[in-house]
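Beneath this line is the structure, given in structure tokens, with notes to follow.
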Amino acid sequence: MKGRLLARLSLGPTGGTLRAGVRRFLACLLLALPAAWVAGDASVDYPAVVPGQPIEFPRDEGSHPDYRTEWWYVTGWVETQDGHPLGFQVTFFRFRPGSGKDNPSRFAARQLLFAHAAVSDPRRGRLVHEEKSARAGFGLAEAAQGRLDVHIDDWMLRQQGEGYQASVQTKSLGIDLVFMPTQPPMLQGEQGYSRKGPADTSASYYYSLPQLRAQGRIVIAGREHRVSGQAWFDHEWSSALMDAPARGWDWVGLNLEDGGALMISRMRDARGRTYWAAGSQRDAGASTPVAYAANQIDWTPVRHWRSGRTGIRYPVEWRVRAGEYRLRLRPLMDDQENDSRGSTGTIYWEGAVRAFDEQGRLVGRGYLELTGYGERIRLQGRAR
């Protein structure tokens, strides 16, 4: 009983004046420590990400606690019963700081967990988002190995039968969705080995599940909506830091209208130029994606939006090229800025976008992520 109480007071409490005060204090403490978490312990031997390592299912859907950082990420477009579009995001992060490895205490922070949840509703015009953070342990926050089952308190993302389930419950936001695969996993990069920069060591293991069928409910400010639509799931784990010249990244994952899938990303340097780029595309019914090299990818900003809260200016509309694809990305709404300084210490733009071809026809829907437009991204392990 005492251990459970201390663990809940340590990170991620869910209610009560005292616990809320502790949470605010710890959130401030977390903001002061992200550099230490990123730095970790130089003596820790994090496993390297190397090519040729097969990804196995369902084993690799679970946690890989020896690696430095890991995240499970599901986004999608759904519609309410009256045909109104909503975008959603549920992301869980796991981080191994490297500190406390020789500390026998059960309270040593050997693994840290974070979670972000957000809904984009054009009728509100501003992102509704929440976040959580906790040290792993005591059954209050865990990331299971061998299967997808990660949770912080009552927030969770897990395998359920042949599909997956996500649940987030807060006063302002509720998400209860079930996702059913319609296609096999899509291995990114070289059979799941995904480079993030010129060095071989700057890489992650990375697979996606595009074209998921999504169904369930979303609650915004107490109003419940029954929804259905499509989702995209990503899972990555890595030990490498983002390369020193890189400031942030741009990433988009699109469920194409013809049943295919397209992912493109780039790392930017301090001057906003492309430092590294990669991508992949898979036709409906195909088992193997086509990989794109850096010289086959272009990102050209078309329109910017400036946040009235942070002053950060984001390129929210784009022309992108990936192989034979020439697309225009347009946001569901401009204000999809996610301020997560209370957990991962980052501010980024992540939101629902539509993709149009050169003739103006709708060809896909997905999510766009823009990081490092304020200050250099600090959660360096989370580089696509």
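No value in this document is a laboratory result; all are computed from the given coordinates. Here the structure is a predicted model, which is why all the values come from computation and not from measurement. A quick note on method: Cβ atoms are made from the backbone with ideal geometry, for glycine too, and the neighbour counts reach across all protein chains shown.
What's the extension gain from Asp200 to Lys171 if we count 0.36 nm per residue and subtract their Cα-Cα distance?
Here the segment from Asp200 to Lys171 would lengthen by 6.0 nm.
Glu375 to Thr274: FRET efficiency via 1/(1 + (r/R0)^6), r the Cβ-Cβ distance, R0 22 Å, to the nearest 0.05?
Once rounded, the FRET efficiency stands at 0.65.
State whether the range 71-227 is rounded, prolate or oblate according to the following rule on the C-alpha gyration tensor (a ≥ b ≥ c being the square roots of its eigenvalues): a/c under 1.5 gives rounded; otherwise a/b larger than b/c gives prolate, and the remaining case gives oblate.
Because a/c hits 1.5 or more and a/b fails to exceed b/c, the range 71-227 counts as oblate.
Taking Cα centroids, how far is the range 210-255 from the range 279-300 in Å?
The distance from the Cα centre of the range 210-255 to that of the range 279-300 comes to 19 Å.
Just to be sure I understand the model, the point goes 7 Å from the Cα along the line to the Cβ. What's the resulting Gln81 to Glu257 distance in nm?
Inter-label distance under the simple model: 2.8 nm.
Can you check what the net charge comes to around Gln211, using other residues whose Cβ is under 15 Å from the Cβ of Gln211 (Lys, Arg +1; Asp, Glu -1)?
Spelling it out: positives minus negatives among the neighbours equals -2.
Quote to one decimal, in nm, the extra length available between Glu224 and Thr300 on full extension: 0.36 nm per residue of separation minus the C-alpha distance between them.
23.5 nm
Less than 15 Å Cβ to Cβ from Gly323, Lys/Arg counted +1 and Asp/Glu -1: what total charge do the surrounding residues give?
Net local charge, Gly323 excluded: 0.
For every other residue with a beta carbon closer than 10 angstrom to the beta carbon of Asp149, add +1 if it is Lys or Arg and -1 if Asp or Glu, then tell me the sum.
Once all neighbours under 10 Å are counted, the net charge is 0.
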